[in-house]
Amino acid sequence: MDGLILEARRLGIAVQCDVEGKLLTSFCSGGRVKYLFCPSSARETTATLQLLKLRGVPYRVIGGGSNILLPDEGYAGALVKLNLRGIGVCGNVVTADAGVPLPLLAKVAAEKGLSGLEFACGIPGTVGGAAKTNAGAFGQMTSDVLTEAIVLTKQGEVQAFPAGCLKMGYHSCVFPEGGVVLCLKLTLTPDDKLAIAERMRRMKLRRQETQPAEPSAGSVFQRVGETPAAVYVEKTGLKGLRIGGAQLSRKHCNFIVNKGGATTEDFFAVAQQVKNRVFDAFGVSLAYEVERICSPKSN
Ligand SMILES: Cc1cc2nc3c(=O)[nH]c(=O)nc-3n(C[C@H](O)[C@H](O)[C@H](O)COP(=O)(O)OP(=O)(O)OC[C@H]3O[C@@H](n4cnc5c(N)ncnc54)[C@H](O)[C@@H]3O)c2cc1C
């Protein structure tokens, strides 16, 4: 057996080889991933990254895979998916580990009568991904409630960063380079449980009404200033454009959906046509909200 796998198992870290990339992203595309590490504590995460660095194996940290697309040719390194799942509530302060699914966190906060995370109830990502992308919806975002992030730095130190240091903006957050979010501390606002539940119910309903149910990676393009990208895309008349298994959704034209067997290339072929058409018609260069992960081989 591969020495890396043996060493990881000796350290008690969950690891798999040759995993289907499709199973790791919400768009369900991508080739095989050489190694998938799923550490389940901060200690295991530190040990995983130390081991990968020591062996010279390139790696990327991922969360729920709901904002990323993996390469069709496969990922010839290690993906590290944090399986840290703790949630703690003390008064109006919630601490959540990086691997906690956002809908679960929103539900726990709501049950405790804490407001500020309603937006997260329909976002299929994790706490770590939400910090990195400053996830938000319906006028609320992660940075509104974030007090502190506990980060494993590139140097292997666990450090607390006050939210102000993270320069969180629209779909962005600036960590120390190579840093991995282990845990977030969020400060919420006490509110009536029924009122919170009702807001979440309406948000979920709004998503069901406006967003496609097929596999997707969420919004493809970022807003242009205050204008949603869909405003431009709608005017191109490309709704329904299909290349291979990828289709520009008829329900929400800033979503590309997987109609079955779509590759990452299919996704970007559709996206590129949309970009070209929007640029030709309006002189607007759309920026991706989704992130394309490249295999270390092709870097
Ligand atoms: C149907 C659908 C609806 C969506 N709706 C919304 C929405 O309303 N609002 C919104 O903001 N987004 C939305 N998204 C996009 C996506 O869910 C969010 O961006 C989410 O926060 C990504 O989290 P993730 O755990 O899936 O991260 P991934 O997609 O796995 O990763 C995203 C980035 O975060 C990094 N990352 C992940 N975990 C860590 C960590 N622990 N430490 C450091 N870096 C890390 C990855 O390296 C990558 O760069 C939607 C997606 C889908 C499929």
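Which percent of the Cα-Cα distances in the stretch 87-209 go past 18 Å? The answer is 48 percent, as a whole percent.
The reciprocal of the average 1/r between distinct C-alpha atoms defines the Kirkwood hydrodynamic radius, which for the stretch 161-245 equals 17.3 Å. For the stretch 1-134, a Kirkwood hydrodynamic radius built from all Cα pairs, placed in the Stokes-Einstein relation at 4 °C and 1.567 mPa s, yields a translational diffusion coefficient of 82 µm²/s.
T25 contributes an accessible area of around 10 Å² to the protein surface, as traced by a 1.4 Å probe with all chains present.
Here the mean projected area of the convex hull built on the C-alpha positions of the stretch 150-299 is 12.5 nm².
Looking at the stretch 3-81, what % of the alpha carbon pairs are farther apart than 21 Å? Of all Cα-Cα distances in the stretch 3-81, 23 percent exceed 21 Å. Put C294, C183 in order of accessible area, highest first, and with a 1.4 Å probe you get C294, C183. The distance linking the stretch 25-63 with the stretch 247-290 is 29 Å (Cα centroid to Cα centroid, whole angstrom). Projection of the Cα convex hull of the chain, averaged over all directions and equal to a quarter of that hull's surface, yields 15.7 nm². Taking all protein chains into account, the per residue accessible area for the chain stands at 46 Å² (1.4 Å probe).
Going through the cross-link list K22/K167; K81/K107; K34/K204; K81/K132, which pairs have a Cα-Cα distance over 25 Å in this structure? As for pairs spanning more than 25 Å Cα to Cα, those are K22/K167; K34/K204. Of all DSSP bridge pairs formed entirely within the chain, close to 80 percent run antiparallel. Take C17: with every protein chain present and a 1.4 Å probe, its accessible area is about 70 Å².
The values are calculated or read from the model by the stated rules, or taken from the named source; none is laboratory data. Since we're looking at a predicted model, the values are computed, not measured. Each accessible area value is taken on the protein alone, full model and side chains, heavy atoms only, with ligands, DNA and RNA left out. Shrake-Rupley method; radii C 1.70, N 1.55, O 1.52, S 1.80 Å.
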